[in-house]
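Quick notes on the structure that follows.
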Amino acid sequence: VAARTIPAGALVRRYGQIIGAATGEIPAGAHVHVQNLAMSDHPEDYAFASAAQPLPVANEARTFLGYRRADGRSGTRNYLGVLTSVNCSGSVARFIAEAAEKTDWFRAMTHVDGIVPIVHGSGCGMSGQDEGYATLFRTLQGYARNPNFAGILLVGLGCEVMQI
């Protein structure tokens, strides 16, 4: 849509780029398209971003804002996890995390991002030989080995199939 009247033969720009020339006068508010626009010769300037300044070269010493773990892995967070082996211990894990975050000890741990309860709905009344058991075991193992956890507290009841 023409923002203002465009005289016949005038170069038409869209977003600062020439898109053609008006084949006739295009009144303000008229639709600008193939019916009133044609390709034309126009001054070509291929200088793109000619005023751009080069960026300073980054320092050769590379840094990483994260944590190097004792086993050589790196994490970008520093959480403490409370991991449950069974659904029934989920509320205990939540209580531990909530209570710990309210302590002076935790407030003094400025390098710890938080305490995360990791709960699930399984671990009890399952076969220790099936795919469900294997999946839960791999999942718990993945959380326990995640480099974004500085430490993991495992919580279980003792009666579950998924023993810790």
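The values are calculated or read from the model by the stated rules, or taken from the named source; none is laboratory data. Model, not experiment: these values are computed from the prediction. Cβ placement follows ideal geometry from the backbone for every residue including glycine, while neighbour counts extend to all protein chains displayed.
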Exercise. Gly114: within 22 Å of the chain's Cα centre (by Cα) and over 19 Å from Cys159 (Cβ atoms), yes or no?
Worked result: yes
Exercise. Does Gly72 qualify as being part of a loop (DSSP other than H, G, I, E, B), of a type in the set (Gly, Ala, Ser), under 21 Å from Gln163 (Cα atoms) and more than 23 Å from the chain's Cα centre (by Cα)?
Worked result: no
Problem set entry | Residue match in the range 56-66 (condition: among the polar types (S, T, N, Q), more than 24 Å from the chain's Cα centre (by Cα) and exposed (fewer than 11 other Cβ atoms within 10 Å of the Cβ)) | yes
For this session: Mind listing whichever residues of the range 95-111 are touching a residue at least 12 places away in the same chain (Cβ under 8 Å) and surrounded by fewer than 10 Cβ atoms within 10 Å (Cβ to Cβ)?
Result: His111
For this session: Output the residues belonging to the range 99-147 that are in a loop (DSSP other than H, G, I, E, B), modelled with pLDDT of 90 or more and touching a helix residue (DSSP H, G or I) at 6+ places or on another chain (Cβ under 6 Å).
Result: Val119
Exercise. Can you pull out the residues in the range 78-114 that are out of contact with any strand residue (DSSP E or B) (no Cβ under 8 Å at 6 or more places or on another chain) and closer than 15 Å to Gly151 by Cβ?
Worked result: Trp105, Met109, His111
Exercise. Going by the conditions given, is Ala150 part of a helix (DSSP H, G or I) and either surrounded by 17 or more Cβ atoms within 10 Å (Cβ to Cβ) or acidic (Asp, Glu) (or both)?
Worked result: no
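Only residues that are among the small types (Gly, Ala, Ser) and either at pLDDT 85 or above or within 30 Å of Thr23 (Cα to Cα) (or both): list them for the range 35-51, please.
Start the filter on the range 35-51 by keeping residues that are among the small types (Gly, Ala, Ser), which leaves 38, 40, 47, 49-51.
Those that are among the small types (Gly, Ala, Ser) and either at pLDDT 85 or above or within 30 Å of Thr23 (Cα to Cα) (or both): Ala38, Ser40, Ala47.
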